[in-house]
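Asker: Pasting a structure below so you can have a look.
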Amino acid sequence: MPDARSSILASLRASRDAHPVETVASDFTVLREKRWEPAERLERVKRMMEAVHTEFVDATEQDWPAVVQAVLREAGAKTLLYAPATDAGARLESGWAEGGPELVRYDRPVDEFKEEMFTGIDAGITQTLGAIADTGSLVLWPGADEPRLLSLVPHIHIALLKADALYDTFWQVMTENRWAEGMPTNALLISGPSKTADIEQTLAYGVHGPKRLIVVVIH
Amino acid sequence: MAHAEIDFGKASRAALKDPQLRANFRRAMDGLMSKRAAQFADSAEWHAMRALGASVRLRALSKLPELLEKLEETCTRNGITVHWASTTDEANAIVLEIMLRVNAKLAVKGKSMVSEEMHLNAFLEKHGIEALEADLGEYIVQLDQEMPSHIIMPAIHKNTKQIAQLFREKIKEAEYTEDVAQLTDLARRVLRKKFMNADVGISGVNAAVAETGTLCLVENEGNGRMVTTVPPVHIALMGLEKVVEKLEDVPPVLSLLTRSATAQPITTYVNMITTPRKHGEKDGPREIHLVILDNGRSKIYADEELRHTLRCIRCGACMNHCPVYTRVGGHAYQAPYPGPIGKILIPQIEGLGTRGAMPHACTMCNACVEICPVQIPIANLMNRLREEAVHPGPAVKDAGAQASKAEALVWKGWAATFSSPTAYRMATTVLSAVGNAAPASLPLLKEWTSVRVKPRFAGRTLHDLARDRGIPDA
């Protein structure tokens with residue numbers, strides 16, 4: 001059997017060399033110039049994300065674990081999956097008052113507790129790298145310390161957002177932070193709770209991922 | 001292998017008689033068009049963005065062989081296994097081989113149009129492997145053993161009542177409800193069990209970045225993240241044109257895609273996958289495979305004009321704006337890609353023998369050309385394929401298959417008449433005198449009059465009338 005790889009590449013190369021494709025320079029000005037005043041960014045993030053059912057609560061560096069606890073109590077959540085290896089995880093443990101929802105550590109491979117994660121967890125909490133004003137999106141780089149499924153499987157996703165970690169556009173985030181020099185296992189933008197409009201164009205939230213996304217803005 | 005010609009005409013006539021179907025499409029397409037227009041209300045921004053989008057796609061096509069090699073190199077370095085497939089049969093065989101090696105019984109799928117090209121579900125089923133669609137719309141059409149009728153909204157042809165009935169019939173624990181939230185929740189419960197137990201996750205690719213070896217996926221539901229994160233093995237399927245050169249090319253492409261497709265500034269999730277689970281990481285697949293599929297694309301690339309078909313980012317906006325698609329719906333095309341993009345892509349992949357009718361299912365209204373976010377000259381390509389269909393040549397599979405001696409003769413006569421003043425004068429004089437006496441059932445004329453009123457010739461020719469007004473003959 002002829003090798004698919006070499007025959008595909010040879011064919012493409014011959015075609016392209018016979019008739020080169022005319023190109024025009026890529027002008028990124030339209031993205032470079034998309035800017036908001038720093039004060040406007042958070043307002044815009046909120047407005048865009050609230051339009052797709054994201055909820056926002058305010059907190060401070062000191063009181064956010066208590067704020068999270070209050071939010072979860074109100075939501076009736078009994079369990080919170082968290083990443084103990086992160087700074088936020090450590091703060092959560094030390095600031096967690098008695099009688100709050102049970103803290104469940106995500107400190108082992110998912111393969112060891114898949115069923116529990118899918119059936120026994122109400123909420124998950126993650127940090128974020130910031131938010132994007134243009135589209136109203138949270139930026140997450142999950143990894144070894146903060147696993148990917150924390151923001152996907154639990155019915156409620158609590159995301160911590162530092163009020164000064166705000167960007168204008170997705171393009172700005174990746175170019176200013178030089179993402180191209182080293183991409184993580186998984187990079188995510190999250191712009192709301194899971195949703196679908198596949199049944200007669202009617203919006204419904206919580207189809208596969210979280211039903212609620214609650215952003216805790218840390219001032 | 002010879003196949004019978006696929007009868008678009010018959011299928012579209014049947015679709016036109018279904019008032020429910022027409023109402024479902026009309027309602028959905030009207031909503032999508034107005035919402036998309038609101039997304040691009042700033043005309044200067046729209047023009048700058050689509051010029052940028054087109055430039056990114058053209059640059060990728062101009063370096064296509066190098067970028068695919070680079071993608072293979074970066075992916076391999078990242079730990080992703082890259083496979084190449086010339087045909088859908090080869091791609092299916094690659095997927096099956098991976099499945100058998102890991103002893104897979106259940107695969108969960110995110111939306112992938114390439115997998116529709118491959119008829120992957122049926123293929124895996126034949127080999128005893130369940131392939132379950134997890135995108136809600138795809139899940140609905142799979143339950144009803146149908147094909148998607150739209151590349152972005154697969155179940156757009158059904159209304160809530162029809163879906164409610166389908167769920168009651170096909171899902172054991174279902175109680176009848178027309179409440180969309182409850183129907184969605186039912187699918188959530190059924191599919192979450194499947195995500196948890198699946199051996200393999202299969203996804204498409206919206207853009208693959210050569211620079212970093214990153215696979216980008218956009219979606220709203222979370223099923224795409226589920227299938228690429230929960231099962232131990234992830235297989236990503238991409239058409240070879242899906243590569244972009246740089247990571248910074250991704251934001252404009254995805255922005256144009258989501259705004260054009262569903263009028264969202266961005267989808268709920270943008271999922272960028274670069275490596276399998278690394279040492280110390282607690283979730284994510286341990287293996288990622290990328291299957292790069294040709295299936296006729298390298299032949300499309302060979303033609304200087306037709307290769308612009310490969311700019312497409314699969315937003316589906318051309319469908320939403322197509323007066324033909326809106327009236328006949330997606331199923332009439334009997335193809336994974338319906339609407340304008342389907343009408344230029346499918347005949348090139350499958351050949352003009354079976355698909356010669358598709359480029360004719362177009363009114364040349366240019367609506368798709370105006371809204372295409374990467375400026376594909378769809379109408380020009382449609383016209384080119386109409387010509388290819390009647391002139392044998394090397395550019396397109398089965399070119400010339402639709403050639404008709406009668407039609408060629410008519411055009412020859414037409415050309416002769418219009419290039420000779422004497423012949424033209426004679427013809428118009430005769431037609432204005434006795435043309436109206438020709439019966440509607442005359443061969444050739446019948447093709448027109450079977451669905452339209454017979455045109456009436458005026459009693460006097462235009463030249464005659466002009467002379468009356470004192471305009472001299474040239």
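The values are calculated or read from the model by the stated rules, or taken from the named source; none is laboratory data. Since the structure is predicted, the reported quantities are computational estimates derived from the model, not experimental observations. FYI the Cβ positions are ideal-geometry reconstructions off the backbone, even for glycines, and counts take in every protein chain you see.
Asker: Pairs only if they're at least six apart or on different chains, beta carbon under 8 angstrom, first in the stretch A:65-84 and within 22 Å of residue B:281 (Cβ to Cβ), second among the aromatic types (Phe, Trp, Tyr) and modelled with pLDDT of 95 or more; list them, first residue then second.
Answerer: What qualifies is A:81/A:106; A:82/A:106; A:83/A:106; A:84/A:106.
Asker: Hey, another quick one. In the stretch A:125-139, how many residues are surrounded by fewer than 23 Cβ atoms within 10 Å (Cβ to Cβ), hydrophobic (A, V, I, L, M, F, W, C), more than 10 Å from every other protein chain (Cβ to nearest Cβ) and assigned to a strand (DSSP E or B)?
Answerer: 0
Asker: Which one is nearest to residue B:68 (Cα to Cα) among residues in the stretch B:226-238 that are surrounded by fewer than 24 Cβ atoms within 10 Å (Cβ to Cβ) and either of a type in the set (Val, Ile, Thr) or within 20 Å of the chain's Cα centre (by Cα) (or both)?
Answerer: B:238
Asker: Being more than 8 Å from chain B (Cβ to nearest Cβ), surrounded by 23 or more Cβ atoms within 10 Å (Cβ to Cβ) and among the small types (Gly, Ala, Ser) is the requirement here; does residue A:151 meet it?
Answerer: Judged against the criteria, residue A:151 is a match.
Asker: Do the conditions hold for residue B:434, that is, is it in a helix (DSSP H, G or I) and not hydroxyl-bearing (Ser, Thr, Tyr)?
Answerer: Taking the combined requirement at face value, the residue satisfies it.
Asker: For residues that are within 25 Å of residue A:70 (Cα to Cα), of a type in the set (Gly, Ala, Ser) and modelled with pLDDT of 95 or more, tally how many sit in the stretch A:113-135.
Answerer: The total comes to 4.
Asker: Looking at (1) facing chain A (nearest Cβ under 10 Å); (2) touching a residue at least 40 places away in the same chain (Cβ under 8 Å); (3) not polar (S, T, N, Q), can you tell me which one residue B:244 breaks?
Answerer: Condition not satisfied by residue B:244: (1).
Asker: Which members of the stretch B:113-163 meet the condition of being among the basic types (Lys, Arg), surrounded by fewer than 24 Cβ atoms within 10 Å (Cβ to Cβ) and under 25 Å from residue B:327 (Cβ atoms)?
Answerer: Result: B:161, single match.
Asker: Additional query: Quick one: would you say residue B:261 is among the small types (Gly, Ala, Ser) and closer than 17 Å to residue B:138 by Cα?
Answerer: So residue B:261 passes the test.
Asker: Tally the residues that are assigned to a helix (DSSP H, G or I), surrounded by fewer than 18 Cβ atoms within 10 Å (Cβ to Cβ), polar (S, T, N, Q) and over 26 Å from the mean Cα position of the chain (by Cα), restricting the search to the stretch B:44-87.
Answerer: The qualifying residues number 1.
Asker: Looking at the stretch A:82-110, which of its residues are buried (at least 16 other Cβ atoms within 10 Å of the Cβ) and of a type in the set (S, T, N, Q)?
Answerer: Of everything in the stretch A:82-110, just one residue is buried (at least 16 other Cβ atoms within 10 Å of the Cβ) and of a type in the set (S, T, N, Q), namely A:86.
Asker: Go through (1) touching a Pro at 6+ places or on another chain (Cβ under 7 Å); (2) within 24 Å of residue A:191 (Cβ to Cβ) and name the single condition residue A:95 misses.
Answerer: With respect to (1) touching a Pro at 6+ places or on another chain (Cβ under 7 Å); (2) within 24 Å of residue A:191 (Cβ to Cβ), residue A:95 is out only on (2).
Asker: Inspect the stretch B:89-99 for any residue being under 30 Å from residue B:251 (Cβ atoms) and within 8 Å of chain A (Cβ to nearest Cβ) and give the result as yes or no.
Answerer: no
Asker: For residues that are in contact with a helix residue (DSSP H, G or I) (Cβ under 7 Å, 6 or more places away or on another chain) and farther than 20 Å from residue B:302 by Cα, scanning just the stretch B:52-75, find the one that is nearest to the other protein chains (Cβ to nearest Cβ).
Answerer: Across the stretch B:52-75, the extreme among qualifying residues is B:52.
Asker: Could you figure out which of (1) small (Gly, Ala, Ser); (2) closer than 26 Å to residue A:154 by Cα; (3) more than 11 Å from chain A (Cβ to nearest Cβ) isn't true of residue B:222?
Answerer: Failed condition: (3).
Asker: I would also like to ask the following. Could you check residue B:148 against (1) modelled with pLDDT under 95; (2) not in a loop (DSSP other than H, G, I, E, B) and say which number it fails?
Answerer: Going through the list (1) modelled with pLDDT under 95; (2) not in a loop (DSSP other than H, G, I, E, B), residue B:148 breaks only (2).
Asker: With the requirement that a residue be farther than 15 Å from residue B:310 by Cα and of a type in the set (S, T, N, Q), what does the stretch B:332-367 give you?
Answerer: Within the stretch B:332-367, B:334, B:354, B:363, B:366 qualify.
Asker: Confirm whether residue A:27 is surrounded by fewer than 15 Cβ atoms within 10 Å (Cβ to Cβ), under 30 Å from residue B:52 (Cα atoms), without any contact (Cβ under 8 Å) to a residue 40 or more places away in the chain and facing chain B (nearest Cβ under 8 Å).
Answerer: For residue A:27, the condition - surrounded by fewer than 15 Cβ atoms within 10 Å (Cβ to Cβ), under 30 Å from residue B:52 (Cα atoms), without any contact (Cβ under 8 Å) to a residue 40 or more places away in the chain and facing chain B (nearest Cβ under 8 Å) - is met.
Asker: Sticking with this structure for a sec: Residue by residue through the stretch B:172-215, note down the ones that are facing chain A (nearest Cβ under 9 Å) and either small (Gly, Ala, Ser) or assigned to a strand (DSSP E or B) (or both).
Answerer: B:181, B:187, B:209, B:213, B:214
Asker: Return the pair list, or none, for Cβ contacts closer than 8 Å from residues in the stretch B:415-441 that are closer than 18 Å to residue B:473 by Cβ to residues that are assigned to a loop (DSSP other than H, G, I, E, B), at least 6 apart or on different chains.
Answerer: Once the first residue is closer than 18 Å to residue B:473 by Cβ and sits in the stretch B:415-441, its partners that are assigned to a loop (DSSP other than H, G, I, E, B) give B:428/B:461; B:429/B:461; B:432/B:457; B:432/B:458; B:432/B:459; B:432/B:460; B:432/B:461.
Asker: Could you tell me whether the stretch B:362-381 includes any residue that is surrounded by 24 or more Cβ atoms within 10 Å (Cβ to Cβ), in a loop (DSSP other than H, G, I, E, B) and not hydroxyl-bearing (Ser, Thr, Tyr)?
Answerer: Among the residues of the stretch B:362-381, at least one is surrounded by 24 or more Cβ atoms within 10 Å (Cβ to Cβ), in a loop (DSSP other than H, G, I, E, B) and not hydroxyl-bearing (Ser, Thr, Tyr), which makes the answer yes.
Asker: Additional query: If you take just the helices (runs of 4 or more DSSP H) that sit entirely in the stretch A:29-110, which of them hold at least 3 residues that are hydrophobic (A, V, I, L, M, F, W, C)?
Answerer: A:38-50, A:64-75, A:87-95
Asker: Right, another one. Hey, does the stretch A:168-179 have a residue that's of a type outside the set (Ser, Thr, Tyr), modelled with pLDDT of 95 or more, more than 23 Å from residue B:276 (Cβ to Cβ) and in contact with a His (Cβ under 9 Å, 6 or more places away or on another chain)?
Answerer: No, the stretch A:168-179 contains no residue that is of a type outside the set (Ser, Thr, Tyr), modelled with pLDDT of 95 or more, more than 23 Å from residue B:276 (Cβ to Cβ) and in contact with a His (Cβ under 9 Å, 6 or more places away or on another chain).
Asker: Continuing with this model, one more query. Would you tally the residues in the stretch B:279-305 being without any contact (Cβ under 8 Å) to a residue 40 or more places away in the chain and in the same structural domain as residue B:61 (by TED's automatic domain parsing)?
Answerer: Looking only at that region, the number is 4.
Asker: Out of all the residues in the stretch A:174-206, which are touching a Gly at 6+ places or on another chain (Cβ under 7 Å), surrounded by 21 or more Cβ atoms within 10 Å (Cβ to Cβ) and either of a type in the set (A, V, I, L, M, F, W, C) or within 7 Å of chain B (Cβ to nearest Cβ) (or both)?
Answerer: The answer is A:185, A:186, A:191, A:194, A:198.
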